[in-house]
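Taking it in order: structure first as structure tokens, then the write-up.
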Amino acid sequence: MSRAFLIVMDSVGCGGAPDADQYFNGDVPDTGANTLAHIAEACAAGQAEEGRSGPLKMPHLDALGLGAAVRLASGTEAPGLDATPRGLWGAATEISRGKDTPSGHWELAGVPVPWDWHYFPKTEPAFPEDLTAEVCRIAGTEGILGNRHASGTVVIEAEGARHIETGWPICYTSVDSVFQIAAHEDHFGLDRLLALCEALAPTLHAMKIGRVIARPFIGAPGAFERTANRHDYAIDPPAPTLCNWVQDAGRPVQAVGKIGDIFSMRGIDAVVKGPDRDLMEALVGFAETGPDGGLTFANFVEFDSLFGHRRDIAGYARALEWFDAQVPRLLAHLRDGDLMLFTADHGNDPTWAGTDHTRERVPVVAAGAGVRDIGQIAFADVGATLAAHLGVPARGSGRNVL
């Protein structure tokens, strides 16, 4: 019985979104943002030499059609990504009103978001008084720290010492629909932080805030470090997704990375979490020994979290090259009839203004479906196609493109 692997390279967009002018980083519209092409251009120009050198090297995904997907999505050449495709390739366009993680993943899994997300204003304070009071009530504190739009690493460095002194949680947001709480694992307590976020989540979800995110850290002032114990408390998907379709058909669904969080564990049988290098080992293991007929759904977040938001071009290029170098290990374990599809959920162009995601189309490349140009497709077509491959009924809005 065939298996399916859906692997999301978080934020690895390829430009060309037709509505990019409606999305912004500060005052700058996302028109022209192109994560892959701009990284490749910077590498070719010698502007991404830290820890790597020369043109962007992604021969394995490029052989499947990655460079062709960039050209299809945006009409842009990505230097170094010029192979003749030997796999399935195309580009997907999102219709959900957002450039965030839940919107992208849910729509890839067949279910576009039918509502507009709520966002907190870029003011100080950013949060309404009743929400702040609820945080304090649940946490048992007299106040909170932060209360503004901020980068997670920056706000922890700025507020960490006072957090240790007062015991108050550090609360912050971004241009995404999120409410994030950072707290020290030793001084505040990891279990206490997770319980706080879980208790707050229903209030935030009722406001159509997409995620409450626990951001634990360790260390001392000047040397704080976030840990791998992050947990996202996401609002439930608006309808059954690919994960549910597969599970309801009696097939196993294995989640790698933050997929379990994104889907609130709906339709998920097992989950593996950790840093991307550990996740790759888990994914290789699933490819080697995973059960017939199942879906493995993986997210690799560090492109986005470590390099995209920080506008680190060289770091992003290193991550792409590392990931590409692992692809042969994955493909070596494909069985006859398996389909392994690589895509992304949005963009996060490290050459762009600001620190937010960028509205982009995403590449779709796959092994196991022969040489096939699927052209421009919808995000939801990915879920429908994987469901058809597994022979389970699709209940979303997409179409099978195979």
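The values are calculated or read from the model by the stated rules, or taken from the named source; none is laboratory data. All values reported here derive from a predicted model rather than from experimental measurement. Cβ atoms come from the backbone with ideal geometry, glycine included; neighbour counts cover every protein chain shown.
Scan segment 267-281 and report the pairs whose first residue is in contact (Cβ under 8 Å) with a residue 12 or more places away in the chain and whose second residue is of a type in the set (Asp, Glu) and assigned to a helix (DSSP H, G or I), with Cβ atoms within less than 6 Å and a gap of 6+ or a chain change.
As it stands, the answer is Asp276/Glu302, since those pairs meet every condition given.
Condition first: in contact with a His (Cβ under 7 Å, 6 or more places away or on another chain) and under 18 Å from Gly104 (Cβ atoms). Now tell me which residues in segment 322-354 satisfy that.
Within segment 322-354, Asp345, His346, Gly347, Asn348, Asp349 meet the criteria.
Considering only segment 168-178, I want to know if a residue exists there that is touching a residue at least 12 places away in the same chain (Cβ under 8 Å), surrounded by fewer than 16 Cβ atoms within 10 Å (Cβ to Cβ) and under 19 Å from Gly308 (Cβ atoms).
no
Which of the numbered conditions does Ser397 fail, given that it passes all the others? Conditions: (1) at pLDDT 95 or above; (2) more than 19 Å from Pro18 (Cα to Cα); (3) touching a strand residue (DSSP E or B) at 6+ places or on another chain (Cβ under 9 Å).
Ser397 satisfies all of (1) at pLDDT 95 or above; (2) more than 19 Å from Pro18 (Cα to Cα); (3) touching a strand residue (DSSP E or B) at 6+ places or on another chain (Cβ under 9 Å) except (1).
Looking only at segment 315-368, count how many residues are crowded, with 17+ Cβ neighbours inside 10 Å, assigned to a loop (DSSP other than H, G, I, E, B) and small (Gly, Ala, Ser).
Number of matching residues: 2.
Can Arg318 be described as under 25 Å from Thr153 (Cα atoms), of a type in the set (Lys, Arg), in contact with a helix residue (DSSP H, G or I) (Cβ under 9 Å, 6 or more places away or on another chain) and at pLDDT 95 or above?
yes
Could you check segment 151-167 and list, in sequence order, the residues that are closer than 20 Å to Thr355 by Cβ, touching a strand residue (DSSP E or B) at 6+ places or on another chain (Cβ under 8 Å) and either modelled with pLDDT of 95 or more or buried (at least 22 other Cβ atoms within 10 Å of the Cβ) (or both)?
Those that are closer than 20 Å to Thr355 by Cβ, touching a strand residue (DSSP E or B) at 6+ places or on another chain (Cβ under 8 Å) and either modelled with pLDDT of 95 or more or buried (at least 22 other Cβ atoms within 10 Å of the Cβ) (or both): Val155, Ile156, Glu159, Gly160.
Under 6 Å between Cβ atoms, at least 6 apart or on separate chains: pull out the pairs that start in segment 284-305 with a residue that is under 14 Å from Val327 (Cα atoms) and at pLDDT 95 or above and end on any residue that is assigned to a helix (DSSP H, G or I) and not small (Gly, Ala, Ser).
If the second residue must be assigned to a helix (DSSP H, G or I) and not small (Gly, Ala, Ser), the pairs left are Val284/Arg329; Ala287/Leu330; Ala298/Leu283; Phe300/Asp276.
Only one of (1) modelled with pLDDT under 95; (2) outside any loop (DSSP other than H, G, I, E, B) is not met by Arg97, so which one is it?
(2)
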